[in-house]
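Only one structure is covered here, and it is reproduced in the block below.
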Amino acid sequence: MVSDRFSAYNHLPTQQRQLCWAHLIRDLTAIAERPGASAEFGAELLGLQQQLFAHWHHYKQGTIDWPALQQGCRPIRQIFEARLQRVVELGAGEILLTSMDGDGTQAGYELELTRAVADAVEVPVIASGGAGCIDHIAQALDAGPNGGHASAALLASLLHDGVLTMEQIKTDLLERGLMIRPLERPAAAIG
């Protein structure tokens with residue numbers, strides 16, 4: 001639950017980043033203002049954000065160290081995962097999980113987060129934010145102990161910028177033994 005819109009601080013270690021809480025608050029407020037279950041979920045996420053901000057503030061002031069920050073945030077993450085389970089119970093058919101830290105960086109998906117969410121819910125999780133090469137995609141889809149456990153991976157820059165083609169990606173992933181849909185080729189013309 002970190003919003004670093006446009007990954008402006010990815011050149012810094014996580015401990016040194018100034019988080020952009022305004023983006024997070026704006027996005028969660030928009031969810032809280034929706035009708036129905038979204039309002040309840042958004043309000044709860046705003047509360048979690050306040051807890052995160054309090055921990056971060058203590059860390060930036062030097063009153064707690066990095067391990068203490070991580071320990072303080074662990075229960076918040078567990079609550080967040082439980083709320084995702086509730087969203088699934090309410091009918092979500094899949095979760096598009098974007099790491100704003102990784103979005104646009106081409107440095108790889110946030111595998112630990114993706115794995116935690118994929119393991120916590122019973123619907124497909126789509127990894128998003130960070131694909132820079134085929135290895136990153138394979139890691140996100142890997143069901144092993146270090147993989148992301150995602151059911152799918154969203155990639156934009158690799159395709160939009162012409163770095164890779166779908167054929168290259170699918171051929172490579174299939175050769176690795178990953179369970180993906182094969183490349184569909186148009187039927188040959190009868191002539």
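The values are calculated or read from the model by the stated rules, or taken from the named source; none is laboratory data. Computed from a predicted structure; not experimentally measured. Positions of Cβ are backbone-derived with ideal geometry, glycine not excepted, and every protein chain shown enters the neighbour counts. Only protein heavy atoms, including side chains, enter the accessible area calculation; ligands, DNA and RNA are left aside. Shrake-Rupley method; radii C 1.70, N 1.55, O 1.52, S 1.80 Å.
Take the Cα of Arg181, go 7 Å toward its beta carbon, and the backbone nitrogen atoms of the stretch 111-152 under 13 Å from that spot belong to 152.
Each principal axis of the Cα cloud of the stretch 52-152 was taken in turn, and the coordinate range along them, longest first, works out to 40, 34, 24 Å. Applied to the stretch 148-162, the Karplus parametrisation 6.51 cos²θ - 1.76 cosθ + 1.60 on θ = phi - 60° returns per-residue 3J(HN,Hα) values of x, 6, 6, 8, 7, 9, 8, 9, 10, 4, 4, 8, 5, 8, x Hz, with x for Gly and Pro.
For the stretch 115-191, carbon and sulfur atoms together expose 53% of the accessible surface, with a 1.4 angstrom probe and every protein chain in place. Accessible area per residue for the stretch 78-190 is 58 Å², calculated with a 1.4 Å probe on protein heavy atoms, without ligands, DNA or RNA.
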